[in-house]
1. Among residues belonging to the stretch 269-313 that are open to solvent by 50 Å² or more (accessible area, probe 1.4 Å) and of a type in the set (A, V, I, L, M), point out the one that is modelled with the highest pLDDT.
2. Name the residue, out of CYS509, CYS488, that is over 28 Å from ALA358 (Cβ atoms) and exposed (fewer than 15 other Cβ atoms within 10 Å of the Cβ).
3. Does the stretch 358-395 hold any residues that are over 29 Å from ILE243 (Cα atoms), touching a Lys or Arg at 6+ places or on another chain (Cβ under 6 Å) and either open to solvent by 20 Å² or more (accessible area, probe 1.4 Å) or aliphatic (A, V, I, L, M) (or both), and which are they?
4. What are the residues in the stretch 121-131 that are within 16 Å of PRO93 (Cβ to Cβ) and part of a helix (DSSP H, G or I), if any?
5. Give just the number: which of (1) open to solvent by 50 Å² or more (accessible area, probe 1.4 Å); (2) in a loop (DSSP other than H, G, I, E, B) does GLY110 not satisfy?
6. Can you tell me which residue within the stretch 88-106, out of those that are out of contact with any Asp or Glu (no Cβ under 9 Å at 6 or more places or on another chain) and not in a strand (DSSP E or B), is nearest to SER116 (Cα to Cα)?
7. What are the residue pairs meeting all of these: first residue in the stretch 126-155, first residue free of Cβ contacts under 8 Å to residues at least 60 places away in the same chain and crowded, with 24+ Cβ neighbours inside 10 Å, second residue part of a loop (DSSP other than H, G, I, E, B) and polar (S, T, N, Q), Cβ atoms under 7 Å, and 6 or more apart or on different chains?
8. Return yes when PHE519 is within 30 Å of VAL287 (Cβ to Cβ) and either crowded, with 21+ Cβ neighbours inside 10 Å or of a type in the set (Gly, Ala, Ser) (or both) and no when it is not.
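The values are calculated or read from the model by the stated rules, or taken from the named source; none is laboratory data. Treat the numbers as computed from the prediction; the structure is a model and nothing was measured. Note: ideal-geometry Cβ built from the backbone for every residue, glycine included; neighbour counts use all protein chains shown. Note: accessible area is taken over every heavy atom of the protein model, side chains too, but ligands, DNA and RNA are not part of it. Shrake-Rupley method; radii C 1.70, N 1.55, O 1.52, S 1.80 Å.
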Amino acid sequence: MMRRKNHWPHNQPDSGTATGRRSAALGLLLAAVLPLPLAVADEKPAPLELTTCELTLPGTSLTTPAECGWFEVAENPAEPQGRQIKLRVARIPATDFSVEPDPLVLLAGGPGQAASEAWLYVAQAFRKLTRNRDVLLIDQRGTGQSNALRCPQVEMAEALALDWDELEHSTRACLESLDGDPRFYTTEIAMRDYDQVRAALGYEKLNLFGVSYGTRAAQVYLRLFPDRVRTVVLDSVIPQSLILGTEHAVKLDQALQRIFAACDADDACAAAFPDTARKLRQLMRTVDNPPVNLRLATPPADGQAAEPDKPGHITVAHPLTGEPFELDFDRDVLASAIRFLAYSSETQAMLPLLIHEAATQHTYQRLASQMLITASGLTESIAQGMELSVVCSEDYPWFPPENDRDNSYLMGNSMTRATHIQCGLWPRGDVSPDFHQPVSSDVPTLLLSGEWDPVTPPEYAEEVKQYFSNSLHLVAPGQGHSVTGRGCLGGLVSDFIIAASVDELETDCVAQLQPSPWFMSLIGPNP
């Protein structure tokens with residue numbers, strides 16, 4: 001532990017130190033084995049000055065004071081003197097006088113989320129840890145303020161409906177609008193950026209905290225720089241062997257089965273909304289052949305005749321703007337609605353009610369409105385160009401062929417079909433030949449899963465755990481995606497990082513976690 005006289009304790013290491021020499025040697029070793037030629041790092045890291053700033057989460061009132069700066073890197077690592085891009089770096093200094101030398105580093109999800117924004121979702125869970133430990137937040141290249149690869153805004157109705165004829169056009173428009181070469185926004189290149197920032201700030205080791213896609217990034221960093229990692233926390237785990245997007249349909253259906261089974265096992269939920277799984281199958285058949293008597297969200301004004309309804313066409317008042325919002329409620333929109341609502345415990349608790357209403361009354365407005373609340377925030381936080389750069393380079397070459405819709409799953413093959421269209425146009429960067437090989441390590445590692453996670457279920461973490469000899473896997477009962485902020489888990493994560501050990505963690509409190517109570521009406525759960 002070091003003693004801090006102020007909140008700027010970390011100086012650039014001297015180029016003659018052992019730290020500087022080890023970094024340079026490691027860069028030379030990597031250059032010999034990776035497919036993309038790497039520039040050998042200068043012995044003296046680029047300077048990185050941080051000044052007072054405030055981090056914000058757009059669309060919310062969440063803020064936190066920090067220190068921020070810019071760090072320049074070559075967009076193409078093979079051309080170190082070529083085009084440079086700036087990475088946004090933020091540090092939240094520890095609040096106490098005594099500060100541990102190894103910071104917590106958040107690797108955000110998506111792909112496409114910015115760490116400087118995502119931190120505000122989980123900051124409260126780490127109050128204990130951040131008293132004596134800095135938090136280092138780097139907006140991964142292509143996200144946030146690090147030359148974000150953002151596509152032109154697409155209307156929500158278009159994004160939800162998956163207009164296949166329009167998707168190719170919007171993908172080309174996105175590609176043409178980008179200020180960057182998508183080939184150089186892969187996870188491996190980004191993790192080398194992170195290590196340069198680490199060196200520039202003088203940190204010898206890091207504590208990695210990855211969430212969702214960030215668990216892939218954490219494993220990549222660990223493989224590239226194993227000696228730089230003190231502990232690893234993986235929340236909502238992606239196995240390195242997983243081809244992103246190929247299993248979303250089956251994993252969503254599995255999570256829904258678990259959620260509906262829990263409703264069936266609850267006397268009140270089962271009585272109010274019996275056999276939700278059957279109702280969803282009925283609803284799937286209905287929207288494949290939509291009825292003509294769907295109700296409009298608002299009745300016509302007095303004296304005006306109602307316009308005839310279009311098959312499957314509904315109008316809702318957008319829950320965030322109040323403006324009329326029109327969309328064709330077909331199978332793709334239904335799948336999007338259920339998928340978005342399945343991510344968190346609170347919205348999972350609404351599913352039996354909303355599915356019951358839609359299936360029995362053929363009114364879909366409330367289901368669509370709840371989905372819009374969730375989808376709007378998520379789509380605004382993702383830099384879609386960066387997301388495509390990752391998926392098209394790292395996953396698409398191993399995608400299964402595009403087939404006709406498989407009606408056995410709610411989502412059918414919509415994810416695979418969309419990926420084939422978009423990645424068929426998107427430039428692809430190189431990745432290491434062993435990219436999808438499991439990462440093995442004896443670094444202390446804590447893995448977290450939500451029991452009802454619709455995208456990274458507990459079995460994914462179990463697959464990864466077998467390669468981490470010094471690890472523990474905790475499953476949060478009745479929870480969805482990203483669980484660190486739930487109940488006692490934030491405190492457990494803090495205790496784990498402080499001790500750098502899984503051996504003596506008091507984990508009994510995890511079993512006390514419970515799913516959100518079922519919504520029995522639009523008012524909410526019963527008292």
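1. Step by step, filter the stretch 269-313, then rank; the result is ALA271.
2. None of the other options fit; the residue is CYS509.
3. Correct list: ALA359 only.
4. ALA123, PHE126, LEU129, THR130, ARG131
5. Condition (1) is where GLY110 drops out.
6. Filtering the stretch 88-106 for residues that are out of contact with any Asp or Glu (no Cβ under 9 Å at 6 or more places or on another chain) and not in a strand (DSSP E or B), the one nearest to SER116 (Cα to Cα) comes out as THR95.
7. ASP139/GLN145; ASP139/SER146
8. Answer is yes for this residue.
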